[in-house]
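The values are calculated or read from the model by the stated rules, or taken from the named source; none is laboratory data. Small disclaimer: the values here were computed from a predicted structure and weren't measured. Note: ideal-geometry Cβ built from the backbone for every residue, glycine included; neighbour counts use all protein chains shown.
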C-alpha cells in the first residue's frame, strides 16, 4: 500500500483508489494556486483560462459551444454558465451561425486574445513555481505527462492499441523542440 498523508485516506484503500484520490487532491491544490494568482492579477479563474485557451487555439479564435464543452470535458450547460462572466467582461462574444439558428459560437474578442497572452504568462510563472523542485528536473515532468496521458480520456486520445506509440511520438516531439534536452525548470513554458 502507498503511504497515507492524510486522515482522509484509510488503511483499506487499494493502491489504484489511493492514487485516484491523490490525483483529485493534487488537482484541487493546483487549481487553488492558479485561481489565487489569476484572480488577483486578472480577475479570472483557472477554469476561465482553460476556456480562453481553447478558444485561442481554435481556428479563427472561435468554437461551437458544444465542441468547446467536449474539448473541456464539460456539459454544454456548464460551458454556457462559464462563458457568461467572460462575455460580461468583454473577453468572449456569442456569435450565431448565419446558416443554423440553433448553433452558437463562442469567440475570443481582440481584448480577450490580448488578455489571454497576459494570463498565460502568469499561469506559466505559477506552473514554473509548482514544478521548480529537483524531483521534476531530468525528465520527471515529462514522465508525469506521459503517465497522465496514459489515463483514459486524459491525453489526446482515450487509449487504444497504439496509444503508447502516440505518447512516444509526443515525447519525441517535446524532446526535439528542446533540442533533445530533458524537461527542466529552465526550458519549460518558453
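Numerical summary
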{"item": "Index of the failed condition, residue 63 passing every other in (1) farther than 23 Å from residue 39 by Cα; (2) buried (at least 17 other Cβ atoms within 10 Å of the Cβ); (3) out of contact with any helix residue (DSSP H, G or I) (no Cβ under 7 Å at 6 or more places or on another chain); (4) modelled with pLDDT of 90 or more", "result": "(3)"}
{"item": "Extreme residue, modelled with the lowest pLDDT, among residues of the range 79-115 that are assigned to a helix (DSSP H, G or I) and exposed (fewer than 14 other Cβ atoms within 10 Å of the Cβ)", "result": "81"}
{"item": "Sole residue being surrounded by 13 or more Cβ atoms within 10 Å (Cβ to Cβ) and at pLDDT below 60, chosen from 165, 185", "result": "185"}
{"item": "Among the residues listed as 68, 17, 55, 30, the single one being under 20 Å from residue 151 (Cα atoms) and either surrounded by 14 or more Cβ atoms within 10 Å (Cβ to Cβ) or at pLDDT 95 or above (or both)", "result": "30"}
